[in-house]
Amino acid sequence: MAELLELLKALSDETRFNLLKALLTHDFCVRALASHLGISEAAASQHLQILRKVGLVKGEKRGYWTHYTVAKDRLHLLSDLIKEIADSSQGQGVLCRRNSEGGNAESERRDIMVRKGGCEHLDKLKGKPGECSPEQIKECHGDEKVHPCEEKKE
């Protein structure tokens with residue numbers, strides 16, 4: 001997770017993101033990148049340093065200049081990590097259901113989080129899960145002692 005956050009932080013700056021996009025089309029030296037993006041060479045160099053630290057770009061010395069390219073393996077890793085997060089949330093059944101009464105205080109009070117195996121009988125809820133009687137819980141969920149939709153306190 002720390003690696004994903006480092007990569008995302010590096011790309012969270014618009015200039016660095018544009019720099020990476022430019023490097024995906026062609027390899028550039030600092031001067032050419034600065035000119036292409038309309039920033040100073042010092043700024044381009046600092047942004048490149050951040051991208052190099054997280055491994056998204058690499059430099060190759062060519063004569064007097066260093067030309068930079070995107071480390072596509074790291075970009076693919078970033079893509080895979082994001083895809084993994086997106087795929088892990090599928091099928092968990094986390095939904096936010098609102099009562100269709102239209103945004104008044106009562107309907108907001110009845111908002112609950114429905115988890116996999118949670119309350120499938122929203123129409124039988126008295127109010128918030130904590131307000132259900134033991135009889136209502138038993139009717140909806142069998143022998144459960146606590147309403148399964150109630151958020152666990154940490």
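Looking at this structure, is ASP80 out of contact with any helix residue (DSSP H, G or I) (no Cβ under 9 Å at 6 or more places or on another chain), part of a helix (DSSP H, G or I) and farther than 15 Å from GLU3 by Cα? It is false that ASP80 is out of contact with any helix residue (DSSP H, G or I) (no Cβ under 9 Å at 6 or more places or on another chain), part of a helix (DSSP H, G or I) and farther than 15 Å from GLU3 by Cα. Entry remark, region 1-23: residues being at pLDDT 95 or above and in contact with a Lys or Arg (Cβ under 9 Å, 6 or more places away or on another chain) number 0 in total.
The rows are residues; the columns are (1) without any contact (Cβ under 8 Å) to a residue 40 or more places away in the chain; (2) over 13 Å from ALA71 (Cα atoms).
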{"position": "ASN18", "(1), (2)": "yes, yes"}
{"position": "LYS21", "(1), (2)": "yes, no"}
{"position": "CYS29", "(1), (2)": "yes, yes"}
{"position": "ALA34", "(1), (2)": "yes, yes"}
{"position": "GLY38", "(1), (2)": "yes, yes"}
{"position": "LEU48", "(1), (2)": "yes, no"}
{"position": "LEU51", "(1), (2)": "no, no"}
{"position": "LEU56", "(1), (2)": "no, no"}
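The values are calculated or read from the model by the stated rules, or taken from the named source; none is laboratory data. Here the structure is a predicted model, which is why all the values come from computation and not from measurement. Here Cβ is always computed from backbone atoms with ideal geometry, including for glycine, and neighbour counts include all displayed protein chains.
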